[in-house]
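Coordinate-derived values only; no laboratory data. Quantities reported herein were computed from a predicted structural model and do not represent experimental measurements. Cβ sites come from the backbone with ideal geometry, for glycine too, and all protein chains shown count toward neighbours.
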Amino acid sequence: MSSGITRPRVRFAPSPTGFLHVGGARTALFNWLYARKYDGDFLLRIEDTDRVRSTDESTRAIFEGLEWLGLKWDEQVVYQGSNLERHRADAQRLIANGSAYRDFTPQAEIERLRNDAESRGLTFRFDRRLADLTPQQEAEKLARGEPFAIRFKVPDGVTEWLDLVHERIAFPNKDIEDFVVLRSDATPVYNMAVVSDDIDMGITLVMRGDDHISNTPKQILLYRALGARLPQFAHVPMILGDDGKKLSKRHGATAVGDYQYKGLLPDAMLNFLALLGWSTGDDTEVMTLAQLVEKFDVEGLQKKAAVFDTKKLEWMNGQHLAMISLDALEPFMTPAFMKAGYATADELHARKDWYYGLLELLRVRARTTDDIVALAAHYFRDSVEYDLDAVGKQWRDVAATAAVLTATRDRLAIVAAWEPQVMEDALRKLAEELGISGGKIFQPLRVALTGLTVSPGIFDVLLYLGRERSLRRIDAAVAYLGQDSPA
RNA sequence: GGCGGUAUCGUCUAGGGGACUAGGACACAGCCCUCUCAAGGCUGGAACACGGGUUCGAAUCCCGUUACCGCUACCA
């Protein structure tokens, strides 16, 4: 580093044992924001050392989730499992420099002692003396090939650090037992693997969930024993469900993929997640990714766990839906319309002005892209389904409604131009002639055109439906009323 | 149990000794706009966990209590 200033390096290190959880996504986001803000590197490490629980499918889900969110990682993905040899070598170094020792105590024996202590209401802590052997004894066991675990020799004193979100945190070492770093089957334990990898990857800031706070003193001890420079630590709060418990499947959608398929915009998700445990310090809430990067700062990180509020997420999505450019929105909408069977991509692109105009009309009334698809149904389908409540409310007087609709139809048929203002002038004039309010025409007309009592402005509906289809729908409504009437 | 962490409206938060009759946002209610629905605007109800200190003065600092969360494995 010629400048002498270390380029920040952060990482996101999930275990591939499920989908990408929203909590994980937020941890990834904070790390990513930090890297982008301070011109550093954001690395991804898959912690797949738990062979039974780790799956390739889960690894793929993590990639997909991060890609959907747009959190691109720098450099190659690191798979913890492929660093096994280094983990072992580091554990051996600890023995060599006297900061760890071999423990030949059978696992079953330790379990027995632990259960014993716990049944008497005592706290079991591994006693170093249990592993105490004379050099000859140790040499003999070693020669015989007896299995042993490697335990870290926790020194006296206090282990403390200046956490970027919690300030000073201290643990008396007497409360930390001599933990295993390498199992008797020669596989590393979590803390060993993490520290070995973080050192190797040159991580300068470890930002992770605060459920790792109690791992931190052990890891700091390992850094020191390995003679490595200590990174900074920042422990961010957990995300809770609406019952205040740690967010889990019971709370509904907890995978970022769930939100992807619910019609959420990645930038809205990111914006919402960022505000869970972080704030700008002022009142800014709705932000683009670029603004998030600009505003991000560990100063704004919160200590308190945050409850995941789906309502606010939806509101946030509505805000982003309204501010995103149509060109940026289109890639989300076209596949959705195709999936709904409304149109092909070619058909949509062939009448781009109409398509974009429709999106503009609907997005302000929607909170998700799924909402837009639902709202768009009338403009793609040929038939209208009349909502019974709408019919009952707006077509109450059958004969009068049929008459008004017929008059409306005739007026629209001869309108000079199929433009909102022209149509509005014509229909308001008609209302005046009939001695009724505009609403008395617009509301029944809305039901005729959409089958519903709610829609965008009626003249926009007419415009986007087109002249031919609009007139056909009014005819159909009149026919429906005629057939329906008691006669 | 031990250790650690946290504590402002229902929820997300601003606040880092006087600017606080505690601000904003979501949600909720009402009003305005209006062809309906949204969006938008305005208004309203709604919080400093409790108890002690320190101080002329505490939401802000200290201690304790309580509650909640996490860890407590040869899981990650």
Rounded to the nearest 0.05, what FRET efficiency do A:Thr406 and A:Lys249 give with R0 = 60 Å and r taken as the Cβ-Cβ distance? Could you check? 0.60
Lys pairs in the stretch A:226-324, Cα-Cα under 19 Å, at least 8 apart or on separate chains: how many? 14
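So how strong a dipole does chain A carry about its Cα centre when Lys and Arg Cβ are +1 and Asp and Glu Cβ are -1, to the nearest 20 debye?
Numbers: 61 positive and 71 negative charges, 120 e Å.
Charge dipole, chain A, about its Cα centre: 580 debye, nearest 20.
Could you line up A:Asp370, A:Asp48 from fewest to most neighbouring Cβ atoms inside 10 Å? Display every interim value, and only then the final one.
Values: A:Asp370 15, A:Asp48 20.
Sorted ascending by nearby Cβ count, the order is A:Asp370, A:Asp48.
Which is the longest run of chain A containing none of the GluC sites (Glu not before Pro) found in DSSP loop states (not H, G, I, E, B) with at most 14 other C-beta atoms within 10 Å?
The segment A:76-384 is the longest one with no such site.
Just need the relative contact order of the stretch A:272-378 here, percent rounded to a whole number, with Cα pairs under 8 Å and 6+ apart.
Working: 77 pairs, mean separation 28.6, N = 107.
So the answer I get is 27 percent.
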Inter-centroid distance (Cα atoms) of the stretch A:401-442 relative to the stretch A:163-208, Å: 75 Å
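Taking R0 as 41 Å, what FRET efficiency do you get between A:His349 and A:Arg112 from their Cβ-Cβ distance, rounded to the nearest 0.05?
Working: r = 72 Å, r/R0 = 1.75.
The pair A:His349/A:Arg112 has a calculated efficiency of 0.05.
Express in nm, to one decimal, how much length is gained between A:Asp397 and A:Tyr342 on full extension, taking 0.36 nm for each residue of separation and deducting their alpha carbon distance. All intermediate terms of the calculation are to be shown ahead of the outcome.
Values: separation 55, 0.36 × 55 = 19.80 nm, distance 3.41 nm.
Extra length available between A:Asp397 and A:Tyr342 comes to 16.4 nm.
Run lengths n ≥ 4 of DSSP H only: what is the helix-derived mean residue ellipticity at 222 nm for chain A, with -39500 (n - 2.57) per run over all residues, to the nearest 500? All intermediate terms of the calculation are to be shown ahead of the outcome.
Values: 21 runs with 244 residues, N = 487.
Using -39500 (n - 2.57) per qualifying helix, the result is -15500 deg cm²/dmol.
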Summarise the long-distance tail of P(r) for the stretch A:194-302 by giving the % of C-alpha pairs beyond 23 Å. 46 percent
Residue farthest toward the positive end of the dipole of the stretch A:341-471, with Cβ of Lys/Arg at +1 and Asp/Glu at -1: which of A:Ile414, A:Gly435, A:Val454? A:Gly435
Mind checking the stretch A:222-331 for trypsin sites (Lys or Arg not before Pro) that DSSP puts in a loop (not H, G, I, E or B) and that have at most 16 other Cβ atoms within 10 Å? A:Arg229, A:Lys245, A:Lys262, A:Lys303, A:Lys304
Among A:Val256, A:Ile213, A:Gly241, which residue has its Cα positioned farthest towards the positive end of the charge dipole of the stretch A:200-327, with +1 placed on the Cβ of Lys and Arg, -1 on the Cβ of Asp and Glu, and the dipole taken about the Cα centre? A:Ile213
Nonlocal amide H pairs with A:Val78, under 5 Å, H built at 1.01 Å: A:Leu44, A:Arg45, A:Ile46
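Full-extension gain between A:Ile414 and A:Lys440, please, as 0.36 nm times their residue separation minus the C-alpha to C-alpha distance.
Numbers: separation 26, 0.36 × 26 = 9.36 nm, distance 2.05 nm.
Contour length minus Cα-Cα distance gives 7.3 nm.
Can you tell me the length gained on complete extension of the stretch A:Asp200 to A:Thr55, counting 0.36 nm per residue apart and subtracting the Cα distance? It would help to have the intermediate numbers written out before the result.
Values: separation 145, 0.36 × 145 = 52.20 nm, distance 2.43 nm.
Taking 0.36 nm per residue and subtracting the Cα distance, the gain is 49.8 nm.
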Using only Cα atoms, locate the centre of the stretch A:347-367 and the centre of the stretch A:8-78, then give the distance between them in Å, rounded to an integer. 35 Å
